[in-house]
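**Q** Right, I'll just put the structure down here and ask away after.
The values are calculated or read from the model by the stated rules, or taken from the named source; none is laboratory data. Since the model is a prediction, treat every value here as computed from it, not as a measurement. Neighbour counts run over all protein chains shown; Cβ positions are idealised from the backbone, glycine included.
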Amino acid sequence: MSNKITVPSGKVKAAIIGPGNIGTDLLMKAMRSDVIEPVWMVGVVPDSPGLARAQDMGLKTTAEGVDGMLPSMKEDGVQICFDATSAYVHAENSRKVNEQGAVMIDLTPAAIGPFCVPPVNLSNAVAERKMNVNMVTCGGQATIPLVAAVSRVQSVSYAEIVATVSSKSAGPGTRKNIDEFTRTTSRGIESVGGAEKGKAIIIINPAEPPLIMRDTVHCLTVDEPDQDAIRQSIDDMIVEVQKYVPGYTLKNGPVFDGKRVSIYMEVEGLGDFLPKYAGNLDIMTAAGLRTAEMYAEEILAGNFVPSAA
Amino acid sequence: MDLKGKKITVHDMCLRDGMHPKQHQISVDEMVTVAKAMDEAGIPLIEVTHGDGLGGASVNYGFPANSDEEYLSAVCGAVKNSKVSALLLPGIGTVDHLKMAVDCGIGTIRVATHCTEADVSEQHLTMAAKYDKLDVVGFLMMAHMIEPEALLEQLQLMESYGANCVYITDSAGYMLPDDVTARVALAREKLNPSTEIGFHGHHNLGMGIANSLAAVEAGATRIDGSLAGLGAGAGNTPLEVFLAVCDRMGVETGVDLFKAMDVAEDLIVPMMDDIVRVDRDSLTLGWAGVYSSFLLFAKRAAKKYNLSARDILVELGRRRTVGGQEDMIEDLALDMARARDAA
């Protein structure tokens, strides 16, 4: 991937499924992309403000769900879809758009495809030409890079993350199925973060004004932590995440206490459609777009032609 | 206050809330011994879990001496008449933990959320309500932080998910009797008559007994306490004291007062690492409205970074932190130490 000589020109066309807060924020970010051109917004509620907004921005829209877009999506050149709906309908959505030759980037907790945390394993997913990738969870996107930053220095027997989000940024989907957050994030800490065992905790705080997303990462290393190497690795990783989430900030730490390494983070969003405090939602949309852009670069370079399996 | 003839159910917290001052290190043997003695005294409900509920074993809250499964199966197997309850905080524990606890033999599950976030309990309460004979309780923590009307809406959500009992929980030990009366009375007026109301107090302002009596007067029929007060902060409502007061006032609890006093004195007090009492820091919790289990974390951070635990706790209150945010304490202490060094 890194050996391409010419800079590809043009953009890859994309569809966003789910015109809610996440879908709309994603749309606003995607409008600025050099390689992604959003052309479809797919919803299910005819008079939804999200669909109206997308229409105003020049996108084709449908309130018939994915089925409303399917007949013309190939003709319209859609090669990448984002699913910002719910875990319950994701599998069907994914099957349908894959059949039309589009890669699916899953922002729901369905996790039927491999987990993707851009600075850690995005290049693997793209290299393996995966037709469905999952963005884990907001807490996962915010913390797994740091677990990986420690585990690439030395073995981590256990990693635990605590994500604290404002009430206003925790949507009904998250609330109805909060176990999905803890389970999916734990699995991501293990499979992508590289910890032998992972645990995730989420706290919702209703304070006003809303608090900026906070994340704590605790790692237990197998041997005594190599403090200098871990500090450097964390600093490097934060720079990587800041490329797509500029408000990703180390607040305190790493604190070393025996074999415990604790890192205290704050994640401020860009404030596109979602308010700045909702860094938890911003990091999902930014990571989803970052993933799409990497696919798009490969597509534009002629290295990858997404197709029905 | 005339409470004569009222019947209530008391619920002991030593083996769950009491895990906080014990840093979750109560042994299975101690739990079994205590639970048997409580059973013998006629205490109808005994909570047994990690202090932060099922799945609380963590760096953030502390790893317990044994797993929830080991504690629950041992205690459920040891009691004859008492029912065992487990606590679950969505975001920490999951329905998988709930199923495990039911398999161990619990009779009551209590699903706890911050007072404004009842909707995160839907998944767990709905699942719990599907079990025959399981007593399903919704538990709204830090209930001092919102007004009675707003609290009622959240209690009604929990009721709608299938809770047959809902709790108004004074996690910070901040409430005064009038606060309790206002919340319980409104809930009693508006909730289904068949829905029980409970009150869980902390003794940080020394109001555990007075608040529990106010709750009973306003219509609560379940009251949490812990023998000798073993619980977070300055402890829970000291149960043997509350039982003695109930006896004097003619409130029926069905508990043998002298036996309860003996369990408190002979078993619980000797277990304490430090005497659980209203001291400068636990008093600060109550005064500032801070989650009681932050106490030891603030003391440790104060020691490590050479700060005052009271200053840390006051700041945590000012920031309107909620239950579970223990990770905030070291983070905040680092900020405070930096500000001090810069000054």
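**Q** Give B:Leu125, B:Leu87, B:Leu155, B:Leu140 a once-over and let me know the one that is out of contact with any helix residue (DSSP H, G or I) (no Cβ under 8 Å at 6 or more places or on another chain) and modelled with pLDDT of 95 or more.
**A** Step by step, each of B:Leu125, B:Leu87, B:Leu155, B:Leu140 is checked, and only B:Leu87 is out of contact with any helix residue (DSSP H, G or I) (no Cβ under 8 Å at 6 or more places or on another chain) and modelled with pLDDT of 95 or more.
**Q** So which residues in the range B:305-325 are among the charged types (D, E, K, R) and more than 8 Å from chain A (Cβ to nearest Cβ)?
**A** B:Arg310, B:Asp311, B:Glu315, B:Arg318
**Q** When only residues in the range B:72-99 that are without any contact (Cβ under 8 Å) to a residue 40 or more places away in the chain and more than 22 Å from A:Ile178 (Cβ to Cβ) count, which is farthest from the other protein chains (Cβ to nearest Cβ)?
**A** Taking the candidates together, the pick is B:Gly77.
**Q** Something else: Taking the range B:267-283, which residues are touching a residue at least 12 places away in the same chain (Cβ under 8 Å) and either over 18 Å from the mean Cα position of the chain (by Cα) or not in a helix (DSSP H, G or I) (or both)?
**A** B:Leu267, B:Val269, B:Met271, B:Met272, B:Asp273, B:Asp274, B:Val276, B:Arg277, B:Val278, B:Asp279, B:Arg280, B:Asp281
**Q** Quick one: how many residues across the range B:239-264 are of a type outside the set (Phe, Trp, Tyr), in contact with a helix residue (DSSP H, G or I) (Cβ under 7 Å, 6 or more places away or on another chain) and in a helix (DSSP H, G or I)?
**A** So the answer is 13.
**Q** Hey, another quick one. Answer yes or no: is there a residue in the range B:293-315 that is surrounded by 21 or more Cβ atoms within 10 Å (Cβ to Cβ), not small (Gly, Ala, Ser) and not in a helix (DSSP H, G or I).
**A** No; the residues of the range B:293-315 include none that is surrounded by 21 or more Cβ atoms within 10 Å (Cβ to Cβ), not small (Gly, Ala, Ser) and not in a helix (DSSP H, G or I).
**Q** Here's a follow-up. Output the residues belonging to the range B:95-119 that are β-branched (Val, Ile, Thr), over 21 Å from B:Gly77 (Cβ atoms) and surrounded by fewer than 23 Cβ atoms within 10 Å (Cβ to Cβ).
**A** B:Val95, B:Thr116
**Q** Does any residue in the range B:154-166 that is among the hydroxyl-bearing types (Ser, Thr, Tyr) come within less than 6 Å, Cβ to Cβ, of a residue that is at pLDDT 95 or above six or more places away or on a different chain, and which pairs are these?
**A** Close Cβ pairs (under 6 Å, with a partner that is at pLDDT 95 or above) amount to B:Tyr161/B:Glu122; B:Tyr161/B:Leu125; B:Tyr161/B:Thr126.
**Q** Of (1) in the same structural domain as B:Met127 (by TED's automatic domain parsing); (2) surrounded by fewer than 23 Cβ atoms within 10 Å (Cβ to Cβ), B:Leu3 satisfies all except one. Which?
**A** Every condition holds for B:Leu3 apart from (1).
**Q** I'm trying to understand the selection: among the residues of the range A:286-309, which are outside any helix (DSSP H, G or I), in contact with a helix residue (DSSP H, G or I) (Cβ under 6 Å, 6 or more places away or on another chain) and surrounded by 15 or more Cβ atoms within 10 Å (Cβ to Cβ)?
**A** Within the range A:286-309, just A:Phe304 meets the criteria.
**Q** Taking the range B:50-70 on its own, how many of its residues are touching a residue at least 40 places away in the same chain (Cβ under 8 Å) and out of contact with any strand residue (DSSP E or B) (no Cβ under 9 Å at 6 or more places or on another chain)?
**A** 3
**Q** Go through the range B:120-163 and report how many residues are buried (at least 20 other Cβ atoms within 10 Å of the Cβ), within 12 Å of chain A (Cβ to nearest Cβ) and not aliphatic (A, V, I, L, M).
**A** Total meeting the criteria: 6.
**Q** Also, I was wondering about something else. So, of the residues in the range A:162-176 that are within 11 Å of chain B (Cβ to nearest Cβ), crowded, with 23+ Cβ neighbours inside 10 Å and among the small types (Gly, Ala, Ser), which turns out to be farthest from A:Ser262 (Cα to Cα)?
**A** A:Ala170
To keep it simple, each residue is scored yes or no on (1) surrounded by 24 or more Cβ atoms within 10 Å (Cβ to Cβ); (2) within 14 Å of another protein chain (Cβ to nearest Cβ).
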| position | (1), (2) |
| --- | --- |
| A:Gln100 | no, no |
| A:Ala111 | no, no |
| A:Asn124 | no, no |
| A:Ile144 | yes, no |
| A:Arg152 | no, no |
| A:Tyr158 | no, yes |
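**Q** Could you please let me know if A:Val12 is in contact with a Pro (Cβ under 7 Å, 6 or more places away or on another chain) and on the phi < 0 side of the Ramachandran plot?
**A** Taking the combined requirement at face value, the residue does not satisfy it.
**Q** Can you pull out the residues in the range A:177-199 that are under 30 Å from B:Cys115 (Cβ atoms), at pLDDT 95 or above and either touching a Gly at 6+ places or on another chain (Cβ under 6 Å) or more than 14 Å from chain B (Cβ to nearest Cβ) (or both)?
**A** Within the range A:177-199, A:Thr185, A:Ser186, A:Ile189 meet the criteria.
**Q** Would you be able to say whether some residue in the range A:235-246 is out of contact with any Asp or Glu (no Cβ under 7 Å at 6 or more places or on another chain), touching a residue at least 24 places away in the same chain (Cβ under 8 Å) and hydroxyl-bearing (Ser, Thr, Tyr)?
**A** Among the residues of the range A:235-246, at least one is out of contact with any Asp or Glu (no Cβ under 7 Å at 6 or more places or on another chain), touching a residue at least 24 places away in the same chain (Cβ under 8 Å) and hydroxyl-bearing (Ser, Thr, Tyr), which makes the answer yes.
**Q** From A:Tyr248, A:Tyr264, which residue is farther than 20 Å from A:Gly194 by Cβ and either within 11 Å of chain B (Cβ to nearest Cβ) or buried (at least 22 other Cβ atoms within 10 Å of the Cβ) (or both)?
**A** Just a single option satisfies the conditions, and that option is A:Tyr264.
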